[in-house]
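Working notes for the structure below.
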Amino acid sequence: MTLPDGVERRSFGEKEGLATRGEPVYGEPTDGAWRRWDPRRSKLGAMLENGMETGLSGGETVLYLGAAAGTTVGHVADFASPTYAVEFAARPARDLLSVAESRRNLFPLLKDARKPETYAHVVEPVDALIQDVATRGQAKVALANRRFLREDGRLLMAIKARSEDVTADPDAVFETVLGSLEDGYEILETGPLAPFHEDHLAVVARPR
Ligand code: SAM
């Protein structure tokens, strides 16, 4: 597995883990300019920690859906180029704004990811579409935002089973979501996010 440029495995006291360079965001341990990327707080961090081939090499243009308070997208902006961060809840978006203050390449968008036409005038074509929206209809969101993804780009998505149906068997939910995703994407790799996140399936896909 290749880590993107700008992401390294480093020691923080007794703990070892992934790290990026940037202003701390969520009380994570630091070492000089480096700050630890906690995979328990981040689906993308867990994907990298679990050795998935994300296709990220550093310096790419990113559209991130479901940015919340900026925990993960802050790390992404530390190693990527322009990073557009979509979040529709005002409260976490306030914290996202302060994460963006020290990151000139991070552009928060207080928008609904189900309505890409509301930010299509701002977002340029991207190399990576990263999605972590805890909502029903996760495949639909990924398909609606496919329009921004370059032909050789990658969709990196965490599917949360409980957001689709709290009562259904997670594996059945994943199968349904993957089936819908195939309308617009070729699935390259899937994997669990355990032990960091339960009942999630990580997906790497490319547009078809
Ligand atoms: N990705 C974040 C991180 O790692 O720091 C955590 C994201 S949290 C699991 C899911 C977020 O998706 C919530 O902040 C929620 O408000 C947001 N969300 C859900 N549906 C959305 C939508 N339709 N448009 C934009 N954001 C949405």
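The values are calculated or read from the model by the stated rules, or taken from the named source; none is laboratory data. Remember, it's a predicted structure, so these values are computed and weren't measured experimentally. Counting neighbours? That spans all protein chains shown, and the Cβs are built from the backbone with ideal geometry, glycine included. Side chains included, ligands, DNA and RNA excluded: accessible areas come from the protein's heavy atoms. Shrake-Rupley method; radii C 1.70, N 1.55, O 1.52, S 1.80 Å.
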Selection within the range 114-126 - open to solvent by less than 10 Å² (accessible area, probe 1.4 Å) and part of a helix (DSSP H, G or I): 116
Count of residues meeting criterion [surrounded by 19 or more Cβ atoms within 10 Å (Cβ to Cβ) and closer than 22 Å to residue 2 by Cα] in the range 49-70: 10
Residues being of a type in the set (A, V, I, L, M) and more than 14 Å from the chain's Cα centre (by Cα) - total across the range 1-55: 7
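Identify, please: which residue in the range 95-113 is more than 12 Å from the ligand (Cβ to nearest atom) and basic (Lys, Arg) and is, among those, surrounded by the most Cβ atoms within 10 Å (Cβ to Cβ)?
Looking only at the range 95-113, we keep the residues that are more than 12 Å from the ligand (Cβ to nearest atom), and these are 97-98, 100-107.
From what is left, the residues that are basic (Lys, Arg) are 103-104.
Working: 103: 20, 104: 9.
The residue in question is 103.
Every residue, every condition in (1) under 21 Å from residue 38 (Cα atoms); (2) among the β-branched types (Val, Ile, Thr); (3) part of a loop (DSSP other than H, G, I, E, B), yes or no:
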site	(1), (2), (3)
64	yes, no, no
68	yes, no, yes
72	yes, yes, no
77	yes, no, no
84	no, no, no
92	yes, no, no
96	yes, no, no
112	no, no, yes
Condition check for residue 129: among the aliphatic types (A, V, I, L, M), open to solvent by less than 40 Å² (accessible area, probe 1.4 Å), under 17 Å from residue 203 (Cα atoms) and near the ligand (Cβ under 9 Å from one of its atoms): no
Subset of the range 12-27 (residues that are open to solvent by 70 Å² or more (accessible area, probe 1.4 Å) and more than 22 Å from residue 103 (Cα to Cα)): 13, 14, 15, 16
Odd one out for residue 60 among (1) farther than 18 Å from residue 129 by Cβ; (2) modelled with pLDDT of 95 or more: (1)
